[in-house]
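Beneath this line is the structure, given in structure tokens, with notes to follow.
Computed from the coordinates by the stated procedures, all read-outs in this text should not be read as laboratory data. Nothing here was measured: the structure is a model prediction, and the numbers come from that model. As a convention, Cβ positions derive from the backbone with ideal geometry for all residues, glycine included, and neighbour counts pool all protein chains shown.
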Amino acid sequence: MANTLFHDPASYQEAGSYRLMPFQFERRPNGSVLLTNQGGEFLILASSAFDEFVAGRLAIGSPKYFDLKSRHFLTHKFNATTARVAASQWRTKKAFIEGGPKLHIFVPTLRCNQGCGYCQASRADIHASGYDMSKQTASSAIDLMLASSAQAVTMEFQGGEPLLAFDLVRWMTETAADRVAMSRKTIQFVICTNLTCLTEAHLDFFKQYNIAVSTSLDGPAHVHDRNRPMGSSGTHATVVGNIRRCQESLGAGNVSALMTTTVRSLANARGIVDEYIALGLNSVFIRELNPYGYAAKSAKALGCSLENFLLFYREALEYILYLNQGGTFINEGYASILLRKILTPFGVGFVDLQSPTGEGFGVILYNHDGSVYASDEARMLAEMGDPTFCLGHVNDDWNTLIASDTMRCLGAAGVAEALPGCSDCVYLPYCGADPIRHYRTQGDLIGHRPSSSFCRKQKAILGIMFDLIEDPSPKVQDILLGWLNPNRRCLPGAPWLS
Ligand code: SF4
């Protein structure tokens, strides 16, 4: 009896020609061609295979044909199903935008006890007055956070040094937790602290509310102490001791650190990575100096050229890979974010690398004086005297802030797919628009990509990522896959380790 549920197998045979789907491409230095598309898929082809593909000469049914078809670089017949599958893939990549800003940054005080030459926040003196948030402002800011449409929010305390205003941090945490309990939202807490004035009371409180600790560690004492002094002394010994206390009390997974690259870091790539390993930290985030606050003023003395930063980045990354090959698990934070964007179907809510921009769409900042900004960088700019990206005040309602003219401007300039230079760039699916940085560095929200340092950095680091992805060693591939899990603290059971 004929099976009427299925078509005849012959009807699944593809014949005739195929159609190209939209994609971007770039010829790589080694002669291969990298193709990417809006859904974030990529494929690396030999130059001859690429030429055959675009000329329509690829044999239908060949392995290369199916490789390209399964990744939506070509289609046999363009129909509603093809469009639906591609749209669903794109929607998954852009899911980070659903629900609005999830990261809500609070600045309980701008006062700080350290004197870092590269401070981007334009800190105030530890004894200065007029730089602490009032309870009334804090209460309104918490209400705004809970009025936002995101179901799961992160409340992050920044500064200045937030532990200098610990009573307020405690009150804000308790208040937010109480108000969340009466809503359907969930909340997690993060405190960004220099860890120089940590007490047992702080630790008990962090534990009680499961507050994750994020700190700064620039490397060994001779680097960290010069970058991050307190008066005439260094802070390295205190910070290292307090990282250990936090790990013991809160669990290693609740403590992270990042480093800022200065001219003092350049000759110390290995020492910096070793410092993180000695502390049992599973990730080192290599960050360049940002052009805000005191960092902008001290860039000549402390900063380094983009070329030197990239050399440093590559050296540190190669060392990290070498250590992983020997069985020590540690990842580089920025590379891990990029690899998650490249190797998984999902987007990543990292503000600098979002399109539409994360500024105002993924993050909102409530400053100590009640002003509300589209991002941390937006308030850093305001502390420098330019309040362009102030959305309003905590006394405004949520809809007024989020529909402000400033947000409209950011939205208009914040979609990389529509920006000159980005719209046909091969790295577009993994990159971001970052209009506030371009406003700051180029005086224009849209910016000029050929002369943009952000763009040059992105192209260089994404180029390194694809060099690694092309690396034929299974060890390297296992390591990169291991970095996709941000909570991993040991190496996967890769066969080459046994
Ligand atoms: S910023 Fe540069 S690297 Fe990123 S998508 Fe735009 S052109 Fe490409």
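The DSSP beta bridges internal to region 176-273 are antiparallel in roughly 10% of cases. When the alpha-carbon atoms of region 16-93 are used, the pair Rg, Dmax equals 12.4, 38 angstrom. Assuming a ≥ b ≥ c are the square roots of the Cα gyration tensor eigenvalues, decide whether region 174-255 counts as rounded (a/c under 1.5), prolate (otherwise, with a/b larger than b/c) or oblate. Prolate shape, in that a/c is at least 1.5 and a/b is the bigger ratio. Axis of helix 333-343 versus longest Cα principal axis of the chain: the two differ by about 30°, to the nearest ten degrees. From its DSSP helices (H runs of at least four residues, each -39,500 (n - 2.57)), the chain gives a residue-normalised ellipticity at 222 nm of -12000 deg cm²/dmol. Each label point was placed 7 Å from the Cα along the Cα-to-Cβ direction; for ARG91 and CYS197 their separation is 5.0 nm. DSSP finds beta bridges in the chain, and of those with both partners inside it, around 35 percent are antiparallel. With both labels modelled 7 Å from their Cα along Cα-to-Cβ, the ALA55 to SER233 distance reads 7.3 nm. Using a cutoff of 8 angstrom between alpha carbon atoms and counting only pairs six or more residues apart, the relative contact order for the chain works out to 15 percent. In the chain, the longest principal axis of the Cα atoms and the axis of helix 166-181 are about 50 degrees apart. A simple packing score, the average count of other Cβ atoms within 10 Å per residue, orders the peptides 333-343, 443-453 as 333-343, 443-453, with the highest score first. Can you find, among LEU462, PHE23, GLN442, the residue sitting farthest towards the positive end of the charge dipole of the chain, where Lys and Arg contribute +1 and Asp and Glu -1 at Cβ? Toward the positive end, the furthest listed residue is PHE23.
Averaging over all projection directions, the Cα-based convex hull of the chain occupies 27.7 nm² in the image plane. I need HIS368, HIS104, HIS72 ordered by Cβ neighbour count within 10 Å, fewest first. Taking fewest neighbouring Cβ atoms as first place, the list is HIS72, HIS104, HIS368.
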